[in-house]
């Protein structure tokens with residue numbers, strides 16, 4: 001699993017194109033401020049490992065990144081384009097759901113972008129050292 005985390009002064013999205021036919025229709029625009037946006041491609045190799053272990057590793061990294069950027073708002077975004085290897089939709093969604101639950105239980109405001117959609121994104125991200133963190137977990 002790879003993760004690109006960007007600290008954002010503001011982050012918003014609007015569902016543009018539905019890519020998974022069996023999911024609900026979503027049209028709401030969502031906006032956040034002072035947050036980290038985590039672009040996460042879950043890879044096929046991740047499915048060979050225990051889901052709870054992958055989730056814990058992801059959450060620990062996101063908490064560390066949030067602390068470094070002095071925020072408690074974390075947005076999870078499935079971003080398969082960062083890897084040639086893709087986990088199944090079911091595995092990816094389960095990982096995101098578990099990570100979101102653990103983060104919320106840890107006191108973080110956490111949401112997922114609309115799963116199964118290409119999104120129109122608006123990102124305002126400052127340029128300082130820890131505003132962008134790339135990791136292979």
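Condition check ((1) over 24 Å from residue 88 (Cα atoms); (2) at pLDDT below 90; (3) surrounded by fewer than 19 Cβ atoms within 10 Å (Cβ to Cβ)) across all residues:
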| site | (1), (2), (3) |
| --- | --- |
| 6 | yes, no, no |
| 11 | yes, no, no |
| 19 | no, yes, yes |
| 26 | no, yes, yes |
| 31 | yes, no, yes |
| 36 | yes, no, no |
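Please identify the pairs in which a residue from segment 21-41 that is touching a residue at least 12 places away in the same chain (Cβ under 8 Å) and on the phi > 0 side of the Ramachandran plot has its Cβ atom under 6 Å from the Cβ atom of a residue that is surrounded by 10 or more Cβ atoms within 10 Å (Cβ to Cβ) and not in a strand (DSSP E or B), counting only partners at least 6 apart or on another chain.
The qualifying pairs are 34/71.
Is it the case that segment 61-70 has a residue that's in contact with a strand residue (DSSP E or B) (Cβ under 9 Å, 6 or more places away or on another chain), closer than 18 Å to residue 46 by Cβ and part of a helix (DSSP H, G or I)?
There is at least one residue in segment 61-70 that is in contact with a strand residue (DSSP E or B) (Cβ under 9 Å, 6 or more places away or on another chain), closer than 18 Å to residue 46 by Cβ and part of a helix (DSSP H, G or I).
Of all residues in segment 73-102, which are under 14 Å from the mean Cα position of the chain (by Cα) and in a loop (DSSP other than H, G, I, E, B)?
79, the sole residue that qualifies.
If you take the residues in segment 103-137 that are touching a strand residue (DSSP E or B) at 6+ places or on another chain (Cβ under 6 Å) and in a helix (DSSP H, G or I), which one is farthest from residue 73 (Cα to Cα)?
Per the criteria, the residue is 131.
The values are calculated or read from the model by the stated rules, or taken from the named source; none is laboratory data. From a predicted model like this one, the values you see are computed outputs, not experimental measurements. Heads up, the Cβs are rebuilt from the backbone with ideal geometry, glycines too, and the neighbour counts pull from every protein chain shown.
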